[in-house]
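Before any comments, here is the structure.
The values are calculated or read from the model by the stated rules, or taken from the named source; none is laboratory data. All of these numbers come straight from a predicted model, not from anything done at the bench. Cβ coordinates were reconstructed from backbone atoms using ideal geometry, including for glycine residues, and neighbour counts include every protein chain displayed.
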Amino acid sequence: MFADGLDVVVGVDTHKRAHAAAVVSATGAVLERVSVPADPAGYRRLAALGAGYGRRVWAIEGTGSYGAGLTTLLLSLGEKVVEVDRPARPPRRAGVKTDDVDAVRAARQALSQEGISEPRCRGHREAIRVLLTTRAQVIGFRTQAIASLHALVTTAPDSIRERLRHLPVGALVHACSALRGSGRQSAEEFATTMALRATARRITSFDGEARQLEAQLRGLVAQLAPSLLRAAGVGPVVAGQVIVSWSHCGRVRSEAAFAKLAGAAPIEASSGSIVRHRLSRSGDRQLNRALHTIVLTRARQDPATRAYVARRTAEGKTMREIKRCLKRYIARQLYRELERTAAGS
């Protein structure tokens, strides 16, 4: 990943209010340490520090979180930036834990070229990530509200519970939203009625927010990779997650690496005369979840996938093994489509 003749690596340990940086030579010697505020002035100070050395690479922890501002500035200046995983630290009893030490460890980890990757791009990709995160929060709140609504119905007085207890969720929300309190009700009945109505209207509000966010996601995905939305089993939410995990052309070096990132690469699980593979439990779990959603949808609706499932079942494969194979195939298909779209844009 690094060109020959590298002079220094600048390791940066990022935090909310301050960044610690260490300039480390190609041999691993620490040349300089500095701590700056996590603001535009501090970013410019670090950039000027790096400019005082020769050929350099920046190794930054958290390029998409606390280090996002610094990473954006450095990339705009044409600097080479890599993201490092959280450096392996020795046990606390045997090692030191300071920001300066972590900055040095980040630089030396980059020198070893282990646990490093290219930072994800921002712009449209970051816009999709923000919308996905917000929508997930809204869906979580909606789920909690539905659970609360069912609990209220379960404990409601008989005069209310018997009207509502057998309704499906959609009809229950609609019925509770239309409830009205009455002066003829007891204090318990009136309070329960108001609570049911407030909870149901909260669910309706969450539904509206989720639809708005999904519409915005669809528009962004249509700009970046419209062909994804035409693939079987791929909607705007799934397509958005695939784009967020892939990020941009060239970041993931091959379809095999993309499958590994998705936790869909086959892992040997053979024993004795049995030769088999299993799913990986590592990787980007949100991307793996997106692939799982595609598999389930295609297994229900796509004739080719249903025929494949039937054929592999007849061969003695379990449904778990079949899903593993389908995830690997879909990861290859999505990666090729994203790379082709990016190359043609």
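Sort out which residues of region 27-55 are surrounded by 15 or more Cβ atoms within 10 Å (Cβ to Cβ), within 24 Å of Gln113 (Cα to Cα) and either within 27 Å of the chain's Cα centre (by Cα) or among the small types (Gly, Ala, Ser) (or both), and write them in order of number. Correct list: Ala47, Gly50. Scanning region 120-177 for residues that are charged (D, E, K, R) and part of a helix (DSSP H, G or I) yields Arg125, Glu126, Arg129, Arg135, Arg142, Asp158, Arg161, Glu162, Arg163. Exactly one residue out of Glu188, Glu214 is closer than 23 Å to Arg298 by Cα and either assigned to a helix (DSSP H, G or I) or not hydrophobic (A, V, I, L, M, F, W, C) (or both): that is Glu214.
Just so you know, in region 81-119 the residues that are surrounded by 18 or more Cβ atoms within 10 Å (Cβ to Cβ) and assigned to a loop (DSSP other than H, G, I, E, B) include one that is modelled with the highest pLDDT, and it is Pro119. Per this entry, Arg180 is counted among residues that are in a loop (DSSP other than H, G, I, E, B), touching a residue at least 12 places away in the same chain (Cβ under 8 Å) and in contact with a helix residue (DSSP H, G or I) (Cβ under 8 Å, 6 or more places away or on another chain). Restricting Thr297, Thr318 to residues that are of a type in the set (Val, Ile, Thr) and surrounded by 16 or more Cβ atoms within 10 Å (Cβ to Cβ) narrows the list to Thr297.
Which residues, taken from region 288-310, are among the charged types (D, E, K, R), touching a residue at least 60 places away in the same chain (Cβ under 8 Å) and part of a helix (DSSP H, G or I)?
Answer for region 288-310, where residues must be among the charged types (D, E, K, R), touching a residue at least 60 places away in the same chain (Cβ under 8 Å) and part of a helix (DSSP H, G or I): just Arg298.
The residues of region 267-287 that are at pLDDT below 95, touching a Gly at 6+ places or on another chain (Cβ under 9 Å) and either over 14 Å from Cys325 (Cα atoms) or not in a loop (DSSP other than H, G, I, E, B) (or both), listed by number, are Arg281, Ser282, Gly283, Asp284, Arg285. Number of residues in region 210-265 that are farther than 26 Å from Ile116 by Cβ, of a type in the set (Val, Ile, Thr) and under 16 Å from the mean Cα position of the chain (by Cα): the value is 3.
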